[in-house]
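Inspection log for the structure reproduced underneath, given as structure tokens.
The values are calculated or read from the model by the stated rules, or taken from the named source; none is laboratory data. These numbers were taken from a predicted model, which means no experiment stands behind them. Note: ideal-geometry Cβ built from the backbone for every residue, glycine included; neighbour counts use all protein chains shown. For accessibility, only protein heavy atoms count, side chains too; no ligands or nucleic acids. Shrake-Rupley method; radii C 1.70, N 1.55, O 1.52, S 1.80 Å.
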Amino acid sequence: MAKDVSSRRRREVINALRRGTVPEYGLDLLAVGLDRFEAAIDEELDTVVDGGAVFKAVRGEYGAGKTFFTRHLAERALRRGFASAEVQISETQTPLHRLETVYRRVTESMRASSIPPSAFRPVLDSWLFTLESDALGADPSLEAAGDAAMAEAVDLLLEKRLGEVSSRTPVFAQALRGYRRAIGAGDRTTADGLAAWMGGQPQVAASAKRAAGIRGELDHFGAMGFLQGLLTVLRDAGHPGLILVLDEVETLQRVRGDVRDKAFNALRQLIDEIDAGRYPGLYLLITGTPAFYDGPSGVSRLAPLAQRLLTDFGTDARFDNPRAVQIRLPGFDHVALVALGHKVRDLYAAGSDHSDRIRSIVDDAYIETLADAVAGAFGGRVGIAPRVFLKKLVVDVLDRVDQYEDFDPRVHYALTVDASELSDVERAARGRSSNNTSSLDDIQLDVGDEA
């Protein structure tokens with residue numbers, strides 16, 4: 001499989017691992033232990049394609065791979081034509097109880113398979129082109145009827161497509177009409193202003209809003225209607241749905257009580273809107289730790305929300321239901337960590353001129369030894385180890401074997417884990433293991449020859 005990967009895709013994945021980050025693309029090349037979820041995910045994506053909506057809650061400890069899972073799901077959806085957006089919930093920058101800020105982050109981070117963030121403006125333009133194409137397809141005589149007849153036909157089609165949006169959020173439809181007129185008239189300034197306003201941006205020039213007959217700024221309730229409008233535009237532009245990931249929702253546990261309660265109520269409101277069928281084409285995904293779902297400062301503070309997310313995890317994890325509203329990530333164990341190392345080694349080797357040397361020197365036994373050593377740096381907490389393990393494997397081992405013919409990591413490399421290269425969670429895990437070693441700044445990999 002690694003041989004079939006394009007050089008660009010392979011390079012992007014390997015470069016991300018060098019930086020110690022989760023790759024933006026190519027996550028299917030690294031997925032380990034997620035097979036159990038894929039059938040359910042595909043069923044849910046089918047539901048969205050058919051005009052439904054889905055809400056999913058992902059549960060996992062720090063290091064369980066929540067970010068990887070959500071991006072893997074988003075990439076799977078992107079290959080089916082979806083758009084995706086990932087929003088980091090923040091008390092100061094993106095509070096969940098102010099959905100206008102969440103909506104703005106959605107339009108800023110939205111991407112499609114062939115369009116990087118922000119894809120909002122290209123989607124608007126694609127929507128306009130689709131309207132004109134569909135109008136012409138319904139009545140080919142429009143091609144010779146002149147601009148006025150074409151504009152009238154497009155207006156009628158626009159009203160039909162935006163009928164439900166207009167009844168709930170007429171101002172969004174009004175802005176779309178103004179945007180289309182501005183584009184047709186070549187008025188880029190007005191078009192830019194209206195696109196920014198529809199994207200939830202504050203402080204848009206009053207002249208642009210006057211041109212469309214709108215005024216004011218987007219608020220919490222208006223944002224809910226704008227999201228519905230965005231989904232309509234996406235579908236008309238050829239995207240069957242939007243994957244929206246609300247990440248770091250567990251940070252709500254640390255905010256002021258009244259703010260937390262407002263945020264939980266906003267989440268409950270979103271779920272109810274999805275259940276009521278008001279967001280066709282939306283796949284909403286949140287992530288959180290077990291404490292967020294079960295703890296006293298988590299969703300249990302709002303009983304209606306807790307009831308909607310309630311899932312029984314009392315049975316053996318082997319029998320967890322991937323179709324449930326809340327799913328549990330099993331986290332990384334030693335077998336998964338080693339399997340991930342094999343995948344990365346094979347991916348790297350397939351793009352190297354020294355593939356045989358890499359596979360021979362960085363063999364399965366060495367990868368297992370390195371995985372043991374890195375996990376040992378975190379007191380055996382394997383779930384914390386993957387990021388550091390992969391960075392060490394690529395930068396300190398594979399790159400050197402690839403570049404230096406006489407480099408042997410068993411002889412020339414000693415693993416070190418420095419505090420400066422760790423995240424806060426990794427540093428905390430390392431600190432908890434300090435009773436087991438006198439100096440974790442210089443954890444050495446056993447390089448003794450076995451004879």
Check your understanding: Quick check: anything in the stretch 366-373 in contact with a Phe, Trp or Tyr (Cβ under 8 Å, 6 or more places away or on another chain) and within 20 Å of residue 21 (Cα to Cα)?
Key -> yes
Revision key, fill the gap. Of the residues in the stretch 86-103, those that are open to solvent by less than 10 Å² (accessible area, probe 1.4 Å) and part of a strand (DSSP E or B) come to 87, 94
Check your understanding: Does the stretch 235-252 include one or more residues that are among the charged types (D, E, K, R), over 29 Å from residue 134 (Cα atoms) and outside any strand (DSSP E or B)?
Key -> yes
Revision key, fill the gap. Residue set 226, 221; condition assigned to a helix (DSSP H, G or I), of a type outside the set (Gly, Ala, Ser) and crowded, with 17+ Cβ neighbours inside 10 Å; output residue 226
Practice item. Give the number of residues within the stretch 262-302 that are farther than 23 Å from residue 64 by Cβ, in a loop (DSSP other than H, G, I, E, B) and under 20 Å from the mean Cα position of the chain (by Cα). Key: 3
Revision key, fill the gap. The condition from (1) at pLDDT 85 or above; (2) in a loop (DSSP other than H, G, I, E, B); (3) over 37 Å from the mean Cα position of the chain (by Cα) that residue 450 misses is numbered (1)
Check your understanding: Looking at (1) in a loop (DSSP other than H, G, I, E, B); (2) open to solvent by 30 Å² or more (accessible area, probe 1.4 Å), can you tell me which one residue 308 breaks?
Key -> (1)
Check your understanding: Restricting the stretch 45-65 to residues that are charged (D, E, K, R) and crowded, with 20+ Cβ neighbours inside 10 Å, which is farthest from the chain's Cα centre (by Cα)?
Key -> 59
Check your understanding: How many residues does the stretch 67-87 contain that are touching a Lys or Arg at 6+ places or on another chain (Cβ under 8 Å) and either of a type outside the set (A, V, I, L, M, F, W, C) or under 16 Å from residue 289 (Cβ atoms) (or both)?
Key -> 2
Point to revise | Test set (1) touching a strand residue (DSSP E or B) at 6+ places or on another chain (Cβ under 6 Å); (2) surrounded by fewer than 17 Cβ atoms within 10 Å (Cβ to Cβ) - residue 83 fails condition number | key: (2)
Check your understanding: Which members of the stretch 166-194 meet the condition of being surrounded by 16 or more Cβ atoms within 10 Å (Cβ to Cβ), assigned to a helix (DSSP H, G or I) and charged (D, E, K, R)?
Key -> 177, 180, 181, 192
**Study point:** Boolean, residue 138 is among the hydrophobic types (A, V, I, L, M, F, W, C) and open to solvent by 10 Å² or more (accessible area, probe 1.4 Å)
**Key:** yes
Check your understanding: Inside the stretch 104-135, can you point out the residues that are under 28 Å from residue 287 (Cβ atoms), open to solvent by less than 10 Å² (accessible area, probe 1.4 Å), out of contact with any Ser or Thr (no Cβ under 7 Å at 6 or more places or on another chain) and of a type outside the set (Val, Ile, Thr)?
Key -> 112, 119
Review point. Applying the selection to the stretch 77-98, what residues are over 14 Å from residue 242 (Cβ atoms) and either of a type outside the set (A, V, I, L, M, F, W, C) or in contact with a Gly (Cβ under 9 Å, 6 or more places away or on another chain) (or both)?
Key: 79, 88, 90, 91, 92, 93, 94, 95, 97, 98
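Can we say residue 204 is touching a strand residue (DSSP E or B) at 6+ places or on another chain (Cβ under 6 Å) and either among the hydrophobic types (A, V, I, L, M, F, W, C) or open to solvent by 50 Å² or more (accessible area, probe 1.4 Å) (or both)? Walk me through how you get there before you give the answer.
Working: touching a strand residue (DSSP E or B) at 6+ places or on another chain (Cβ under 6 Å): no; either among the hydrophobic types (A, V, I, L, M, F, W, C) or open to solvent by 50 Å² or more (accessible area, probe 1.4 Å) (or both): yes.
Taking the combined requirement at face value, the residue does not satisfy it.
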Review point. Considering the stretch 118-139 alone, what residues qualify as being outside any helix (DSSP H, G or I) and touching a residue at least 24 places away in the same chain (Cβ under 8 Å)?
Key: 118, 119
Check your understanding: Pick from 411, 394: which is among the β-branched types (Val, Ile, Thr), open to solvent by less than 50 Å² (accessible area, probe 1.4 Å) and at pLDDT 75 or above?
Key -> 394
Practice item. Only residues that are touching a Pro at 6+ places or on another chain (Cβ under 6 Å) and of a type outside the set (A, V, I, L, M): list them for the stretch 39-58, please. Key: 51
Exercise for review: Would you please name the residue that is most open to solvent (accessible area, probe 1.4 Å), looking only at residues in the stretch 66-77 that are more than 22 Å from residue 424 (Cα to Cα) and either free of Cβ contacts under 8 Å to residues at least 60 places away in the same chain or hydroxyl-bearing (Ser, Thr, Tyr) (or both)?
Suggested key: 76
Point to revise | Answer from 371, 365 - the residue that is modelled with pLDDT of 90 or more, crowded, with 23+ Cβ neighbours inside 10 Å and in a helix (DSSP H, G or I) | key: 371
